[in-house]
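Working notes, structure below.
The values are calculated or read from the model by the stated rules, or taken from the named source; none is laboratory data. On a predicted model such as this, the values are computed, not experimentally measured, just so you know. For neighbour counting, all protein chains shown are included, and Cβ atoms are generated from backbone atoms with ideal geometry for every residue, glycine included. Remember, those area values only see protein heavy atoms, side chains included, never the ligands or the DNA or RNA. Shrake-Rupley method; radii C 1.70, N 1.55, O 1.52, S 1.80 Å.
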Amino acid sequence: MGLQSYSYERFIELKEFIPAVEVSSYSNNIEAIELLEVNVALPCLADSNGLLVSKNSVNQESILLLGDAQTSNLDLDPNERIHHLLFNKLDSSYQIINASYPSSDLIHSTNKLVNILLPMRPKVVLINHNLTDLLLLAKNGSYWNKIIGDKKKARVSTTPFVPNVSLKKVEDSIILKEYTKALSNIGQLLSNWHITPIFITQAFNHYDSLNLSKLLQVKNIHITNERVSALHRKINQEIRAICKDNNWSIIDLERVLNSNPLYFNNYLLFNSSGTKEACQHISDSLKRWELVKTTEPTLL
């Protein structure tokens, strides 16, 4: 009939660290749409599942972290990373599992949950996704994007790509629609497994326009600094609305840290003070909601 047949593949990358390998040894090969480069402070060794974990606990009850480069804290000293700080602030019976990864979006985290993390039966899952999803959706208009190599192949993946022709502007409404759908999906998945999802509004340093402009230029993302800032705030507002509609818990780091440049190394990454402040608010919230056990000192 004169129709062209195509070989069509559809896949999602599993964003993970190489199991039991020092991350700094291959950090130059880690591509992150939200960062110009990925810097790793030694030591940073992933476990046998490709995860960053705190010390082992006695009963192995776990709290899980999902997110992008902000939550993985790779550029900070080991004892300043969020999973180590949370371990020190919470009851020692909990293990903190950091499954975050630079360039990881909500679809990557959902994929990692299904294939690796759900069988671990974490008690609580903290979800901190915003900028990476924003940039990917602004560039491609969808978590899925087509890479056509020739007439016989059409590949669809979540990997960002440089188009041969300029793309039309992706409207804010499309970005927000795709994001909220992915956020709702991961929340429903965890709820169906009787695991408590807690969503985090991502803090952002809107004042670092220089590094943000450079990022957008290098990554070939045709969007202005002002629109990134506006969309980042809109996504955080969507998180608040979805949590209210579904009665899910929320930790509002955007309001707590208030875009204070004293807490950031750039537009996204926390410095040690920022990580401590974020971790303090997270641990206080978990204790206030009685989602973790607290150990009171014994009076003799």
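Filtering segment 30-75 to residues that are under 17 Å from ILE200 (Cβ atoms) and within 13 Å of the chain's Cα centre (by Cα) leaves GLU34, LEU64, LEU65, LEU66, GLY67, ASP68, ALA69, GLN70, THR71, SER72, ASN73. When segment 117-138 is limited to residues that are assigned to a helix (DSSP H, G or I) and at pLDDT below 95, the one that is least open to solvent (accessible area, probe 1.4 Å) turns out to be MET120. Being touching a strand residue (DSSP E or B) at 6+ places or on another chain (Cβ under 9 Å) and open to solvent by 50 Å² or more (accessible area, probe 1.4 Å) is true for just one of GLN237, GLN217. Which residue is that? The unique qualifying residue is GLN237. Contact map, segment 221-236: residues that are closer than 17 Å to ASN211 by Cα and free of Cβ contacts under 8 Å to residues at least 24 places away in the same chain paired with residues that are assigned to a helix (DSSP H, G or I) and open to solvent by 40 Å² or more (accessible area, probe 1.4 Å), Cβ distance under 8 Å, separation 6+ or inter-chain. Pairs shown: ASN225/SER209; ASN225/SER213. Applying the condition of being touching a helix residue (DSSP H, G or I) at 6+ places or on another chain (Cβ under 6 Å) and farther than 22 Å from LEU212 by Cβ to segment 267-300 and asking which residue is modelled with the lowest pLDDT yields THR294. Among the residues of segment 96-112, which ones are surrounded by fewer than 23 Cβ atoms within 10 Å (Cβ to Cβ) and in contact with a Phe, Trp or Tyr (Cβ under 9 Å, 6 or more places away or on another chain)? ILE107, the sole residue that qualifies.
The set of residues in segment 56-77 that are at pLDDT 95 or above, open to solvent by 10 Å² or more (accessible area, probe 1.4 Å) and out of contact with any Ser or Thr (no Cβ under 8 Å at 6 or more places or on another chain) contains only ASP75. Looking across segment 146-179, the residues that are assigned to a loop (DSSP other than H, G, I, E, B), at pLDDT 50 or above and loosely packed, with under 15 Cβ neighbours inside 10 Å come down to LEU167, LYS168, LYS169, GLU171. Within segment 240-271, the set of residues being open to solvent by 70 Å² or more (accessible area, probe 1.4 Å) and aliphatic (A, V, I, L, M) comprises just one member, LEU262. With respect to being at pLDDT below 95, in contact with an Asp or Glu (Cβ under 7 Å, 6 or more places away or on another chain), under 30 Å from GLU226 (Cβ atoms) and open to solvent by less than 30 Å² (accessible area, probe 1.4 Å), TYR143 fits the description. Summed over segment 185-205, the residues that are open to solvent by 10 Å² or more (accessible area, probe 1.4 Å) and either at pLDDT below 95 or among the aromatic types (Phe, Trp, Tyr) (or both) give a count of 1.
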